[in-house]
Structure formats: structure tokens, C-alpha cells
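Accompanying notes for the structure given below.
The values are calculated or read from the model by the stated rules, or taken from the named source; none is laboratory data. All figures in this text were calculated on a predicted structure; none of them were measured in a lab. Glycine also receives a Cβ, built like all others from the backbone with ideal geometry; neighbour counts cover every protein chain displayed. For accessibility, only protein heavy atoms count, side chains too; no ligands or nucleic acids. Shrake-Rupley method; radii C 1.70, N 1.55, O 1.52, S 1.80 Å.
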Amino acid sequence: MAERIEQRLEDRIPELEQLERVGLFTRKEIRAVLRKASALEYKIQRRALRKEDFINYIQYEVNLLELIKKRRARIGYSFKKDEIEHSILHRVHSLFNRATGKWKDDVQLWLSHVAFCKQWNAKHQLSKVFSTMLAIHSNKPALWIMAAKWEMETRLSSESARHLFLRALRFHPECPKLYQEYFRMELMHAEKQRKEKKEFEQAKMDLGEFNYSEEILNGEMARIVYRDASQKIKGVEFQLAVLSIAKLFDFTQDLQKEILESLQARYADDPLTWDYMARRELELGSLPPTEQTTKQKKVSEMAQREERCCAVFDEAVTAVPTENMWKCYITFCLERYNRKTNSAELKQKRLERTLSVFSKAHESNLLSEVLYKQWLQLLLDTNLSEKAVEVAEAATRNFSQSVEIWQMRLQVLIQLKREDVTQCFEEAIKHVKSKGTLPLWTLWVEWSEGTNSKEDTESLYQRSLRATTPAESVTMKEMYLDWTYRNCGYKKVKRLFTSLCENRPVSLDFFRKMIQIEKEQESCKMLHLREYYERALREFGSTNTDLWLDYIKEELSHPQGKAENCGSIHWRAMKMLQGDLVEDFVSKYTLLQTGHL
């Protein structure tokens, strides 16, 4: 092994001598490079190879290349690249090849090699990398697409890109993304040939030696790809994706028409088809803007186009009366309403249309829970409070199990200061299952704190502890403790704390809140603090190092604290903490002793 490493280091000497001779590196730096290279070589020649060692070596060589590049720019020296950079590049490629040969399944390693080749313009090497990578990772369509794009866009070889796509489709005959990118590539190839032909014609050159097929120029290859794909891949999403690609090219009108006809014929009952056809009305029939076009005319034209869209949507919800179809219609209306416009008339028209569509969907009983929330929010934003109350009530009738819907209804009632808030809370708790009711209880007690008497609020807190699940009651206990301290004083909160401790579970924050309350008293007693810490440690002592450290700090800093207790607390912590927490505690305790914590 040592001989092999010595040979590799000797192979470096010519490039290092050149670096020193041309003034890019000093002799001291050359020695440092050799030392580092020697250490890295030993690591990658061991029996038990580690991926990190190869990555570190590659990163070092890349950093060296970047440093050479910067120094060349600084001194303005651009010669001897074959003797210096090319030697390092060859070594990096060799390292990548060894690493990817050892860890074939690591896609990120392959992609790092690809990125390196692109950065240093190693086209020949990159072609080999793609070939090897695709032989191993033929099950990943994204890698095929990456390789084909590089062939098309960098090497300008549409033939190679086509060959790669055809190979990829043999492995993935039903991959929509592969067909989409293959379709795009064929259109790019046609556009490239059209531009070439146009330039030759403008230069009045003889086109006899160039074979420009009219079919290819008109995108016939892309049409073949589309027809093949549409037989294998079902679904509107693919058809719409291909159509959006075709629209990027100005010579595909016939192809777009064919895709559109296929879409309408095969997927007439799909909401996405209708959604596309309706939104298409925004683009159709619009005149190119001129200087004479007034703002009023633009607004009028936009209003007409939106009306045409809504006419298609109205037809759609009649032909396909489903929840998804109404969702598409409402989403379109909300998008138009949220668009900025200086015309108050257009804004008002959009609002009225949106509210009307919401109402129609509600009447058809095809409004989803999410859309009810959006409707409520829109009504509140536009100050239509009474209508919001009506809609909220209807939503809770249709989705009586939804906590979020009840929450929104209650928030509306609270915001309007309605008298039936308590009645609505009772109704909500009755309909919703006990699990998941925490948001309703927290909202209820928060409202009660500002509205009802102390007795009523306390009674509500106690009721919430009985009604919620044990896990959810933890939050209510924290809120109850905090409210009692703010409204009833220290003695009452101390009795409540003792009472709640007997009713597990409780959280660590619950104990910390009580410790904080004790510290806020004028006569803060260490005896009480010890009681609270001991209770907390019985629950969380095996899983929380900070609690032990806070206890020790309290003994050290409190006027009534006893520093001699710290040793006993430390011993108990070491016994009680589990796993890696012991090591964590020891390191933190050491920092505490040295005054760094």
C-alpha cells in the first residue's frame, strides 16, 4: 500500500513543480499540499473504505482547482493548463469513478460527478458518466431526462437525446414526465430546424444539400409522440401538461387543436377539462392593447371575458354536478376577486359573482368543508356579518363533526358579541367527539374570562378537565393554573396546584409555571421551590437534564438554598437519567461548575 501511495504522490510532482515555477504557489504551500495529499491518500487506501474519505479528498482537489483559478486571474497567467489543471481534473474523475464503483446506489454521488463535469466543461467524461449511471440507475426517469436534456441543450444533439428518450421509455413505458419531456424535445428540434432554414433563406443559400422535411418542421414527430403517449397514459392532467408545452411554440396550432379535441372527446365528464375550457375564454378574443385603448374599455373587455368564463362554468356544473366541479368554479371566482384592479365596479361585480356561486353550490349541497371556511372568511372580510352567521350555522349542520367549522362559527358569534355564544358552545361540545375538542374548550374559557364571572369561568375550567381526553387536559391545567393566579391570588393557586398534581397527566410547563409563580412572591421560600422541583422530577427526572440543572442552580443562588444539597442532587440525576442523557448532564454540569452556564 505504501508503494502505491508513494507512486501517486510522485505523479503529482510535475504539476506541483509547474505551480511553483510559474509563481502560482510558493515552496511552503507546495509542501503543505503534499502533506495533505499524503494524508488523504492513506485514508482511501485502507481496507475498510469510507465514503466520507473520498468526498473529503474530492472536495480538497476541487478547492485546489478553484484556488489555482483565482490566482491565475490575479496574476494574469493563463498558460500550462495541460500540465496543471488537466492533471488534477483527471485525478478527480478517477476518485469519482472509484467512489461510484464502490457505492453504486448513491445517486447523490453520481450527481456530484455530473455537476463537476458540467462545471469544468468535461463533455467527453460527462457522456461516459451518464452512460454508466443510467446502466445502474435505469429505474429513475429523472436521470434519463437529465441526460437527454444535456444532449439536446449542451451538445446540441437531438439525435442522441431522442435515442436516450426511446431507451428510457422501454424501461418506463407509462411515465408521464418522460413523454412530456420527449414531446418538448421534438418541438424544440423542429423549432431549431425552422430557425436554421429561415436563416439560410435570408442568406439566399442553396438548401439542396440540407434535408428539411416539412413534416418535421411542422412538429409531426411531436404529434407521433403525443399519440403514442395518449394511448398508454390516461388522465386529464397529462393531456393538459402536453397542451401547455405545445402552446409555447408558435407553429403548433394544428397540434393544439388535435390535443384539445381529444381532451373534450375522452374526458368530457372531468372537472379539469371544463376548468381548462372555461379559463381558455380569458385568452380568446382579447384584442392587442393600443395606445388609444381607454381604461374603461379595458375594464369592459375584461368583464366580458370573465362573463364568458362563467357561462362555461355554469354549463359545466349542470353537466357535471360534483363537488370538484364547484370547487373549480369557486377557485376561479376567488382568483379573479383577489386580482388587483383600480375599477371599483369590476371589483364589486367579482365579489357579487363569487358570493352567488358560493350560494348556488351550498343550495346544491356540494360545498366542501374547506370551501365553507373560504366563504365565511370572504363574508367576514367584506363585513357581511349577518350573512356570515347564517352560513356558519349551515356549515355546522352539514359538518357537525368538524371542530374547525364550529370554531369559525363561534369566532363569528364572539366577534359580533351575540347573546347565543354559550348556547352555541354547548351545541358544539355535544356534537363533536371528546377527542379533538381542545380548540373549542380553549376558545370557550378565553371568551368566558373576558365575559363571565370568576365563578362561572372556574366552573368551566373544572368542567373542561372532566370533558377533555387526558392528553388534552394537560393544556387546560396549564391555562387553569395561570388564570387562577391572575384572578384569585397565590394561596388559591397553591391549593389548586396540589389538587391538579393528583390528577395526572401534567406537563413540565405546568411545574415550571408554578415555580415561576413562587419566584414572583415577595417572600419566595426555598422549601416550596424544593417541593415543586421534587414533584416535577418524579414525573420528568428520567428524561430531562435541564430540570436537574435548574434545581442545582436554585440551591446555589437562592438566599435560603443549601449548596451542600447539590452533591446529592447530582448523584440522584446520574442514577435516574437514561442513556445519552447522562453524558449530556455531565457536560452541562461541568460548564455550570466552571461558570460557563
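Considering Thr273, Thr341, Thr318, the condition of being open to solvent by 30 Å² or more (accessible area, probe 1.4 Å) and free of Cβ contacts under 8 Å to residues at least 40 places away in the same chain is satisfied by Thr318 alone.
Restricting attention to region 513-566 and to residues that are of a type in the set (Phe, Trp, Tyr) and more than 20 Å from Leu592 (Cα to Cα), the residue that is nearest to the chain's Cα centre (by Cα) turns out to be Phe540. Among residues of region 577-590 being hydrophobic (A, V, I, L, M, F, W, C) and surrounded by 17 or more Cβ atoms within 10 Å (Cβ to Cβ), the one that is nearest to Asp546 (Cα to Cα) is Phe585.
Residue-by-condition table, conditions (1) touching a His at 6+ places or on another chain (Cβ under 8 Å); (2) farther than 20 Å from Tyr57 by Cβ; (3) not in a helix (DSSP H, G or I):
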residue	(1), (2), (3)
His90	no, no, no
Leu95	no, no, no
Gly101	no, no, no
Leu109	no, no, no
Lys128	no, yes, no
Leu134	no, yes, no
Ser138	no, yes, yes
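Could you tell me whether any residue of region 412-435 is under 36 Å from the mean Cα position of the chain (by Cα), open to solvent by 30 Å² or more (accessible area, probe 1.4 Å) and either of a type in the set (Asp, Glu) or farther than 30 Å from Arg486 by Cα (or both)? Yes. Selection within region 442-477: residues that are β-branched (Val, Ile, Thr) and in contact with a Ser or Thr (Cβ under 8 Å, 6 or more places away or on another chain). The member of this set that is most open to solvent (accessible area, probe 1.4 Å) is Thr475. Pairing residues of region 514-528 that are within 12 Å of Val493 (Cα to Cα) with residues that are not in a helix (DSSP H, G or I), at Cβ distances under 6 Å and at least 6 apart in sequence or on separate chains, gives Glu518/Cys524.
In region 96-108, what residues are under 20 Å from Met146 (Cβ atoms) and open to solvent by 20 Å² or more (accessible area, probe 1.4 Å)? Matches in region 96-108: Asn97, Trp103, Lys104, Asp105, Asp106, Val107, Gln108. The residues on offer are Leu64, Leu111, Leu126, and the sole one that is hydrophobic (A, V, I, L, M, F, W, C), open to solvent by less than 20 Å² (accessible area, probe 1.4 Å) and more than 23 Å from Val22 (Cβ to Cβ) is Leu126.
The set of residues in region 75-88 that are open to solvent by 30 Å² or more (accessible area, probe 1.4 Å) and at pLDDT 90 or above comprises His86, Ser87.
Taking the criterion of being polar (S, T, N, Q) and either out of contact with any helix residue (DSSP H, G or I) (no Cβ under 9 Å at 6 or more places or on another chain) or closer than 29 Å to Asn398 by Cα (or both), the residues of region 334-368 that qualify are Asn338, Gln348, Thr354, Ser356, Ser359, Ser364, Asn365, Ser368.
Got at least one residue in region 164-175 being under 29 Å from Arg91 (Cα atoms), open to solvent by 20 Å² or more (accessible area, probe 1.4 Å), under 30 Å from the mean Cα position of the chain (by Cα) and not aliphatic (A, V, I, L, M)? No, that holds for no residue. For region 193-205, the criterion of being outside any helix (DSSP H, G or I), modelled with pLDDT under 95 and within 30 Å of Phe332 (Cβ to Cβ) is met by none of the residues.
When residues in region 1-47 are screened for being open to solvent by less than 50 Å² (accessible area, probe 1.4 Å), of a type in the set (A, V, I, L, M) and part of a helix (DSSP H, G or I), 11 of them pass. With respect to (1) open to solvent by 70 Å² or more (accessible area, probe 1.4 Å); (2) within 21 Å of Leu49 (Cα to Cα), the lone exception for His93 is condition (1). Scanning region 236-255 for residues that are open to solvent by 10 Å² or more (accessible area, probe 1.4 Å), outside any helix (DSSP H, G or I) and in contact (Cβ under 8 Å) with a residue 40 or more places away in the chain returns Leu248, Phe249, Phe251. Out of Ser523, Ser499, one residue alone is surrounded by fewer than 18 Cβ atoms within 10 Å (Cβ to Cβ) and either in contact with a helix residue (DSSP H, G or I) (Cβ under 6 Å, 6 or more places away or on another chain) or not in a helix (DSSP H, G or I) (or both). It is Ser523. Taking region 380-407 as the range and being modelled with pLDDT of 90 or more, open to solvent by 30 Å² or more (accessible area, probe 1.4 Å), touching a Leu at 6+ places or on another chain (Cβ under 7 Å) and over 21 Å from Val445 (Cβ atoms) as the test, the residues that pass are Thr382, Lys387.
If the condition is being closer than 10 Å to Tyr179 by Cα and not in a helix (DSSP H, G or I), then region 217-233 contributes only Ile233.
Only one entry in Arg50, Arg72 is open to solvent by 100 Å² or more (accessible area, probe 1.4 Å) and within 45 Å of the chain's Cα centre (by Cα), namely Arg50. Could you tell me whether region 135-149 includes any residue that is open to solvent by 30 Å² or more (accessible area, probe 1.4 Å) and over 28 Å from the mean Cα position of the chain (by Cα)? Taking every residue of region 135-149 in turn, at least one turns out to be open to solvent by 30 Å² or more (accessible area, probe 1.4 Å) and over 28 Å from the mean Cα position of the chain (by Cα).
Scanning region 537-564 for residues being more than 18 Å from Ser507 (Cα to Cα), open to solvent by 50 Å² or more (accessible area, probe 1.4 Å) and not small (Gly, Ala, Ser) gives a total of 6.
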